[in-house]
Amino acid sequence: MRNIGRYMWLGLLLSAAVACRKEDDITPEAAVPNPFYPDAAATDEYSQLRREFYAETGCYLLFNDTLKYEYTGTDRYGNPLYSMELLDLPYGVTSSVQWKFVFNYSTNVQQARQAAEIVKKDILSAMDKRYHPYSFLLVKDFMTYTYMIEEGEPNGYWSGPNSVETYYIGERAILMSIDALLKDKETMKNKFLRRLLDKQLTTTVLKDFYAPGDTYYGQDWTGDFADEYDFISRTGILAFEESHGVGEEFPTYWVQSKTADLKVFLDDLLLGQEEEFMAKYAEYPIVQEKFRLLKKTVIDLGFNIN
């Protein structure tokens, strides 16, 4: 029995030794280059700018939607073959609309650098790092085409070119127009922040903000309020239309949606118009309190609006 036990232990030790030898013999594969980062051998100004941007922000910077275009050899007829990878901006989007982009790439590196500085100092600095995108694609300008797919129809159709766009939020990258950034950085910043805030400022998060006029949104009201002052004082709602017909004792109020009401407050908040807003509604404590609640909520979510 001792001999059998001895042989068993020897067998286990030999197996372990062979396993270790096999592991030692494994040759690791070469690291796959990151197509979002410039090639190590690239020395052009755009590549240098991309390296600087990543080092300072942790976000990749692109100026072309072709991530990889490498020569791989020839086919049987001697024609060159290439391995190509595109950014695919709509990647991950499930929709009946398919997007096609037509880019006008940057040819002015100084303008590209100015746009990158705006993204870095005005846009990324206005939000917590958890909202930072994976990458930015900056082009001079661009247009979009949409391919519509109707339910029950076997084939879709091109809807034709839209107007020139200024930005697009994709899963892998944020596309922005350099021309638009240089023309009006505040508008671009507010558009981008609004899109991010739209996803964060849910009715649950803004429960207290909507509470004063919660039962009035999206409806028409007649006879409940003596005048506009009475309506705003009691509901705190700013998204409405008033109508007072001839001979009618009380005005009618067409109250818009919660989203429309939020937009009125958010516009002034993002544009830094707090003092003007508070002065305008000095006689409406509920409206002022809603503004303060919204500001606190936005800051708590990680957005810098100061």
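The values are calculated or read from the model by the stated rules, or taken from the named source; none is laboratory data. Keep in mind the model is a prediction, meaning the values are calculated, not measured. Reconstructed Cβ throughout: ideal geometry from the backbone, glycine too, with neighbour counts over all protein chains shown.
Tell me yes or no: at least one residue of the range 176-183 is closer than 24 Å to P90 by Cα and surrounded by fewer than 17 Cβ atoms within 10 Å (Cβ to Cβ).
No, because not a single residue in the range 176-183 is closer than 24 Å to P90 by Cα and surrounded by fewer than 17 Cβ atoms within 10 Å (Cβ to Cβ).
So which of N155, N79, N162 ends up being modelled with pLDDT of 85 or more and loosely packed, with under 13 Cβ neighbours inside 10 Å?
Just one listed residue meets the conditions, N79.
Quick check: anything in the range 248-256 in contact with a strand residue (DSSP E or B) (Cβ under 6 Å, 6 or more places away or on another chain), β-branched (V, I, T), more than 24 Å from F103 (Cβ to Cβ) and at pLDDT 95 or above?
Yes; the residues of the range 248-256 include at least one that is in contact with a strand residue (DSSP E or B) (Cβ under 6 Å, 6 or more places away or on another chain), β-branched (V, I, T), more than 24 Å from F103 (Cβ to Cβ) and at pLDDT 95 or above.
Output the strands (runs of 3 or more DSSP E) that fall wholly within the range 95-148 and possess 2 or more residues being of a type in the set (S, T, Y) and surrounded by 15 or more Cβ atoms within 10 Å (Cβ to Cβ), or say none.
141-148
Which of the residues belonging to the range 262-287 are loosely packed, with under 14 Cβ neighbours inside 10 Å and part of a helix (DSSP H, G or I)?
D267, E275, E276, A279, K280, P285, listed by residue number.
In this structure, is K290 in contact (Cβ under 8 Å) with a residue 40 or more places away in the chain and either assigned to a helix (DSSP H, G or I) or out of contact with any helix residue (DSSP H, G or I) (no Cβ under 8 Å at 6 or more places or on another chain) (or both)?
yes
Okay, residues lined up against (1) within 28 Å of the chain's Cα centre (by Cα); (2) modelled with pLDDT of 95 or more:
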residue: L193; (1), (2): yes, no
residue: L197; (1), (2): yes, no
residue: Q200; (1), (2): yes, no
residue: Y210; (1), (2): yes, yes
residue: W221; (1), (2): no, no
residue: F225; (1), (2): no, no
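Take the range 260-306 and flag every residue that is at pLDDT below 95 and among the polar types (S, T, N, Q).
Q273, N304, N306
Do we have L61 as assigned to a strand (DSSP E or B), surrounded by 12 or more Cβ atoms within 10 Å (Cβ to Cβ) and at pLDDT 95 or above here?
Yes: the conditions hold for L61.
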